[in-house]
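Accompanying notes for the structure given below.
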Amino acid sequence: MDNISVSTTDVRIERHASQLSRQLKLLREKLFPPLSQKTLRTFTSGEAAQMIGVSDGYLRQLSLDGKGPQPDIAINGRRSYTLAQINELRNHMARIKPKDALSYLPQRRPGEKLQTLAVTNFKGGSAKTTTTLYLAQYLALNGYRVLAIDLDPQASLSSMLGVQPEFDLADGDTLYGAIRYDSSRRSLKDIVRKTYFDGLDLVPGNLELMEFEHETPRALGDRQRSGELFFRRVGVAISEVEADYDIVVIDCPPQLGYLTLGAVCAATSLLITVHPQMVDVASMSQFLLMTSDLLSVVRKAGGDLQHDFIKYVVTRHEPFDAPQSQIVALLRNLFGEDVLTATILKSTAIADAGLTKQSLYEIERGQVRRSTYDRALESVNAANGEVLAGIHKAWGRS
Ligand SMILES: Nc1ncnc2c1ncn2[C@@H]1O[C@H](COP(=O)(O)OP(=O)(O)OP(=O)(O)O)[C@@H](O)[C@H]1O
Ligand SMILES: [Mg+2]
């Protein structure tokens, strides 16, 4: 036997940590070489036409006339566009048909305030990150300027969006850099980064975000700093980049700490993800009670707690499972229209795509079984469409 029996727990765990980390690093280097940049697939002219809101024939004529960006033409004659080209075409259409500009370029207009959506629930694994990712990509594909903020030290959203927290980030490269209390604070403008997804920028996360949880109690105890209220800091940071975006989507960590409270206070709307199972719903009731307690303290301290909408999003839904159906019915009964009508289905297509760090929006339709892909994507689109309708309503659009 080796000396495991004599090593103390800290030494033993440290050894496990370094063995695991070495192994993971090797695995990751094999799967995702550090220098490999994630790229987004191109879209067929049919897909592009549908996204822009014109006919495929019209797009074809545009390219024949040499107007707008030129698609890539494969040997078989298939034309395809990048997302950046699709956005160029949206601009082109808005220029030549100014009367319909809003339908081609749906970005917010003067008087329509930045929408910040916090995706939250302290229940681990309730599909917060998946919901955030799909919503952010959906909005970007629809022509909005989107900022995704990864507030989870585990950084799953960042890695889905092509940033490897261990390789790609230096100190202060997460939201922590813009909400920290000391003099190293910097503007969020210097932290946001572009992703491979045109129109979707990212504030990545990593373990340094935990510092905020540790420093806030200290700052709260320090009377001289009482003006630097912790619950305003996320909002103040976001206001530094406000002009560049229409919608901010925040992926919250699975606990109700200062980061989550900061995000909830910065948010104009909340999305609470729910996996419809008895244990999850029971812990959600605790989550709601604790949240309401904490928020009332924040409100009394002067926090702004007006939200345009609060929606429960049922995720990983198995509609043919009787106990799940009962829970969904219960939620609808209790919360009425605060529960999205569409639910996000549990789907092997979503889970499998996640394994290669892609979403269904990124893989091509032929890559997984069609019926599975279509059903899953339909459910995600329907849920995202309802959220977008809520945003439009907040903007005062009909
Ligand atoms: N609709 C779905 N169908 C199938 N699998 C899903 C679906 N949504 C999420 N998953 C899978 O469930 C797991 C948990 O999802 P996710 O990471 O989004 O949850 P989370 O709430 O962000 O978790 P955490 O609390 O750890 O941050 C992931 O492996 C994800 O791929
Ligand atoms: Mg997560």
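Each Lys and Arg adds +1 at its Cβ and each Asp and Glu adds -1 at its Cβ; summed about the Cα centre, the chain shows a dipole of about 740 debye. Spherically averaged projected area of the convex hull of Cα atoms, segment 43-102: 3.7 nm².
Net charge in the neighbourhood of Phe197 (other residues with Cβ under 11 Å of its Cβ; Lys, Arg +1, Asp, Glu -1) is 0.
Given Cβ point charges of +1 (Lys, Arg) and -1 (Asp, Glu) and nothing else, what value in debye, to the nearest 20, does the dipole of segment 43-102 about its Cα centre take?
Roughly 160 debye, rounded to the nearest 20.
Taking all Cα pairs closer than 8 Å and separated by 6 or more residues, the relative contact order of the chain comes to 16 percent. Computed packing ranks the peptides 14-26, 83-95 as 83-95, 14-26, most packed first, by mean other Cβ atoms within 10 Å.
Per-residue ellipticity at 222 nm, computed for the chain from helices alone with -39500 (n - 2.57) per DSSP H run of at least four residues, works out to -14500 deg cm²/dmol. Computed over every Cα-Cα pair of segment 93-138 and binned at 10 Å starting from 0, the pair-distance distribution P(r) comes out as 21, 31, 26, 17, 5 percent. Spin-label pair Lys67-Ser285: with each label point 7 Å from Cα along the Cα-Cβ axis, the two points sit 6.1 nm from one another.
Quick check on packing: order 350-363, 145-158, 287-300, 378-391 by the mean number of other C-beta atoms within 10 Å, highest mean leading.
Working: 350-363: 17.2, 145-158: 24.6, 287-300: 13.6, 378-391: 19.1.
The densest-packed peptide leads the list: 145-158, 378-391, 350-363, 287-300.
Taking every pair of alpha-carbon atoms in segment 45-179, what share in percent sits in each 10 Å bin, from 0 to the bin with the longest distance? Cα pair-distance distribution for segment 45-179, in percent: 10, 31, 27, 22, 10, 0.
Kirkwood analysis of the Cα pair distances in segment 243-309 returns a hydrodynamic radius of 13.3 Å.
Taking a straight Cα-Cα cut-off under 21 Å and skipping sequence neighbours fewer than 8 places away in the same chain, the lysines within cross-link reach of Lys189 are Lys113.
Using only the Cα atoms of segment 115-395, build the gyration tensor, take square roots of its eigenvalues as a ≥ b ≥ c, and label the shape rounded, prolate or oblate: rounded if a/c is under 1.5, else prolate if a/b is larger than b/c, else oblate.
Since a/c reaches 1.5 but b/c is at least a/b, the shape of segment 115-395 is classed as oblate.
Carbon and sulfur atoms: what percent of the 1.4 Å accessible area of segment 115-395 do they account for?
Ligands and nucleic acids excluded, carbon and sulfur give 52 percent.
Ignoring any ligand, DNA or RNA, what whole percent of the accessible area of segment 43-102 comes from carbon and sulfur when the probe is 1.4 angstrom? Roughly 52 percent of what the probe reaches on segment 43-102 is carbon or sulfur.
Heavy atoms of the protein chains alone define the surface here; on that basis the chain has 50 Å² accessible area per residue at 1.4 Å probe size. Straight-distance candidates among the aspartates and glutamates for linking to Lys99, with alpha-carbon spacing under 16 Å and chain neighbours fewer than 8 residues away dropped, are absent. In terms of the mean number of neighbouring beta-carbon atoms within 10 Å, the peptides 229-241, 309-321 order highest first as 229-241, 309-321. Projecting the Cα atoms of Val313, Gln367, Thr348 onto the charge dipole of the chain (Cβ charges, centred on the Cα centre) puts Gln367 farthest toward the positive pole. Ordering Tyr144, Val264, Leu20 by the projection of their Cα atoms onto the charge dipole of the chain, which places +1 on the Cβ of Lys and Arg and -1 on the Cβ of Asp and Glu, puts Tyr144 at the extreme positive end. Computed over segment 140-268, the Cα gyration tensor eigenvalues convert (square root of 5λ each) into semi-axes of 24, 16, 13 Å, ordered from largest to smallest.
The values are calculated or read from the model by the stated rules, or taken from the named source; none is laboratory data. Quick caveat, the model's predicted, so the values are computed rather than measured. Ideal geometry is used to build each Cβ from the backbone, glycine not excepted, and the neighbour counts take in all protein chains shown. Accessible surface is based on the protein model in full, side chains and every heavy atom, while ligands, DNA and RNA are left aside. Shrake-Rupley method; radii C 1.70, N 1.55, O 1.52, S 1.80 Å.
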